[in-house]
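The next block holds one structure in the form of structure tokens; read it before the comments.
We did not get these values from a lab; they are worked out from the coordinates using the rules stated. Everything numeric in this text was worked out from a predicted model, so none of it was measured. Here the Cβ positions follow ideal geometry from the backbone for every residue, glycine too, while neighbour counts run over all protein chains shown.
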Amino acid sequence: MKLEDLEIYLLSMQVSDEIWNIVIQWPFFEKNGIGKQWTDAADSISANISEGYGRLSVKENKRFCMIARGSLYETTTWLNKSSNRKLIDIEIFNSLNKKITDLNVKL
């Protein structure tokens, strides 16, 4: 099985791309503050899944999946902050929140 066949990897890539497409449209201050933190956290999810997948042991894979889970929780915090600060509307919040919740269950 290839990395690109893993549902968890594909979903994490989709979430990070959606977040990128939101943040890239923000003004400089918001993009440089919350936006940078949010995209870094979201990108870290798929990066750690792929790094763990590339390791040759189950123990190493598990360790990187745990790191990915931490990044997922950080992504959730930035999602909440973006919503609280009126940077995203409720529809975007609900859509991303559902995907993040699904990702958390699968991870």
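Taken about its Cα centre, the stretch 3-106 carries a charge dipole of roughly 420 debye when the Cβ of each Lys and Arg holds +1 and the Cβ of each Asp and Glu holds -1. The angle between the Cα long axis of helix 58-84 and the longest principal axis of the Cα atoms of the chain comes to about 10 degrees, rounded to the nearest 10. Positive end of the dipole of the stretch 2-107 (Cβ unit charges, origin at the Cα centre): among PRO27, LEU87, CYS65, the Cα lying farthest that way belongs to CYS65. For the residue pairs LYS62/LYS106; LYS59/LYS99; LYS2/LYS62; LYS31/LYS86; LYS2/LYS59, the alpha carbons lie more than 25 Å apart in LYS59/LYS99. For the chain, the 222 nm mean residue ellipticity estimated from helices alone, with every DSSP H stretch of n ≥ 4 adding -39500 (n - 2.57) and the total spread over all residues, rounds to -25500 deg cm²/dmol.
Using the Cβ-Cβ distance between LYS31 and ILE67 with R0 set to 30 Å, the FRET efficiency from 1/(1 + (r/R0)^6) comes to roughly 0.75. Going by alpha carbons, how many degrees (0 to 90, nearest 10) lie between the helix axis of 7-23 and the longest principal axis of the chain? Once rounded, the angle reads 20 degrees. Please say if the chain is rounded, prolate or oblate, where rounded means a/c under 1.5 for a ≥ b ≥ c the square roots of the C-alpha gyration tensor eigenvalues, and otherwise the choice is prolate for a/b larger than b/c and oblate otherwise? Note, shape of the chain comes out prolate.
Computed from Cα positions, the angle between helix 36-54 and the longest principal axis of the chain comes to roughly 10 degrees.
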